[in-house]
Every structure is written in C-alpha cells, then in structure tokens.
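To start, the structure itself, in structure tokens.
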Amino acid sequence: MNIILIGAQGSGKGTQAEKLSTTLNIRHVASGDLFRKAIGDQTELGLKAKKYIDDGKLVPDEITIAMVLDRLQSPECANGVLLDGFPRTIAQAQALDRGLNEVNKLVDCAIYLEVPRAELLKRLSGRYICKAHQHVYNIESNPPQVPGICDIDGSELYQRSDDRGEAIQKRLDIFFSETIHLLDYYEGQQKLVKVNGNHSIEQVQKDLTIAIIERAGQH
Ligand code: AP5
C-alpha cells in the first residue's frame, strides 16, 4: 500500500509512522528527515533547504518534489510507502499522483491525524530527537529512560532548530492555511480517512492500524 499521513506539526506523524511502517512492512519516507539528513551531510540540497526550514517556511515545491520522487524510485520503496510530511501542497499531491501513475501505482489512502492547536504547541516545545537516527521523544509524554540519551541507539538527543520560538507558530499557520487544503483534494478522490490523534501514542497506534486494515479491506 502507498499511504499518506497528513497532520499538523506535532500531530504525531513521525512517531506513528516509525511503528506502523514496521507493522505493515512498508518503507517510512519522511520529507523532513530527508532534508535534515541532507543538511547534516552538507549537500547542495541541504544548504538550499536549511534557510527555509530554520525560518519555519516550506521548502519550494520543485526542490521537495524532486527529492521525494527520487526516493520513491529506490528498490526499498517497491513494497509500498508510508509518506510522512509529503505532500504538503496541492502541487506536490498532483506531482505524486503523476509520479506513481507512471509506474502503475497510486495513493491508497490519505490519513489525517487530527489534534487541537494547543496540544500541538505543547508537544512541539517538549520534543527531542536523536542525532543518529532521528528517533522522537517528548519530555512529558514520551521521555527517554536516561535523560538526553536515545533508548534505541544511545546517541545524544537535541531540540530541532525549528521547534523553538516563532518558527513553531509560523509552521502551524502554514499548515492550517495551506496544507489543510489537501483534505479536500483527497476527499475528492474518496481516499481521506480521519483519525483522532489527541489520545495516547498507543491508542492512536491502534486506531490507525484499524483504519488502515478497514481501508485495505475495501480494495
Ligand atoms: P518535518 O520534519 O516534516 O516537520 P513537521 O511537519 O514540522 O512535522 P513534525 O515532525 O514536527 O511533526 P510530527 O507530526 O512528525 O510529530 P512527532 O511524531 O515528531 O518538516 C520539517 C521542515 O522541513 C518543514 O517545516 C519544512 O520547512 C520542510 N519540509 C518537510 N516536508 C516538506 C514538504 N513536503 N514541502 C515543503 N517543505 C517541507 O511528535 C511531536 C511530539 O509529540 C514528539 O515529542 C512526540 O514524542 C510527541 N507525541 C507524538 N504523539 C503523541 C501523543 N499521542 N500524545 C502525546 N505526545 C505525543
């Protein structure tokens, strides 16, 4: 299956996708992770993307689309993908449809993780991620066993540069004014499924799994 996870910043897309991709045996492709890797490796793409990300803005469509479609062509994505953070604009959604269509594939469902803005702000300001593999923690809801250290790979945890100050508000504004239009796009294709993301991580995991199984059963 090719599944899209749509949700505001902090809704839990990355947290859930990491677990779900293992359960479903499909590749987790997160545009934000791809950008952060490119920035860490100081590639040309990373240098271009950094200024937009630090400022809380979307990276331009042409850069983002090329990066993600290139990733989708890799053999590890042949079994299906769980897309997290892409598409974020209608132009990206259309480019994804075209790209999949060229290889006789399609988006099977687009899941919207709904979480109220006040909760999103709380989650983002408490988020820490690991330097080695970007595993996600939260000082309140999902703390590591040893403060500042990743449970999984022992690497140091850090706070993302765009999880501070004004960039958080700016990113949420962009989501609710721009990315939100994707809901109509996928509703129009009868692919939209809404899941309440304002429960515990474990409960949301169960609800997502049920939603995906139900959707798969309709095909
Ligand atoms: P990206 O990395 O995608 O960041 P984001 O959209 O800002 O999304 P987040 O990673 O912040 O949220 P999430 O939903 O994954 O939440 P998480 O699981 O971490 O993008 C970064 C930047 O790259 C963008 O701003 C943009 O500049 C650029 N970019 C990326 N894609 C792009 C695109 N397609 N087009 C253009 N530009 C693009 O959870 C958040 C916190 O909450 C964690 O601490 C977690 O532990 C906690 N938590 C999770 N679930 C729960 C729960 N149920 N209860 C309590 N706490 C929870």
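Every number in this text was worked out from the coordinates using simple rules, so none of it is lab data. Treat the numbers as computed from the prediction; the structure is a model and nothing was measured. All Cβ positions, even for glycine, are placed from backbone atoms using ideal geometry, and neighbour counts span all protein chains on display.
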query: In what order do LEU120, LEU183, LEU47 fall by count of nearby beta-carbon atoms within 10 Å, going from fewest to most?
result: LEU47, LEU183, LEU120
message: Could you tell me how far the Cα centroid of region 53-94 sits from the Cα centroid of region 145-215, in Å?
response: 16
Isolated Cys in the chain, by beta carbon distance under 4.7 Å: CYS77, CYS109
message: Along the charge dipole of the chain, pointing to its positive end and built from +1/-1 on Cβ of Lys, Arg, Asp and Glu, which listed residue (LEU100, ALA78, LEU124) has its Cα farthest out?
response: LEU124
- line: Under the 7 Å Cα-to-Cβ spin-label approximation, PHE176 and ASP70 lie apart by a distance in nanometres of 3.5
- line: The simple spin-label model distance between GLN159 and ILE210, using points 7 Å out along Cα→Cβ, in nm, is 3.6
task: Treat each spin label as a single point 7 Å out from the Cα along the C-beta direction, and report the ILE201 to GLU119 distance in nm.
output: 1.5
field: Exposure proxy ranking, count of Cβ atoms within 10 Å, fewest first, for SER11, SER125, SER200
entry: SER200, SER125, SER11
message: Need one number: % antiparallel among DSSP beta bridges in the chain, to the nearest 5.
response: 30
- line: Exposure-ranked with fewest Cβ neighbours within 10 Å first, SER74, SER141 stand as SER74, SER141
field: Computed helical MRE - 222 nm, the chain, DSSP H runs ≥ 4 contributing -39500 (n - 2.57), nearest 500
entry: -14500 deg cm²/dmol
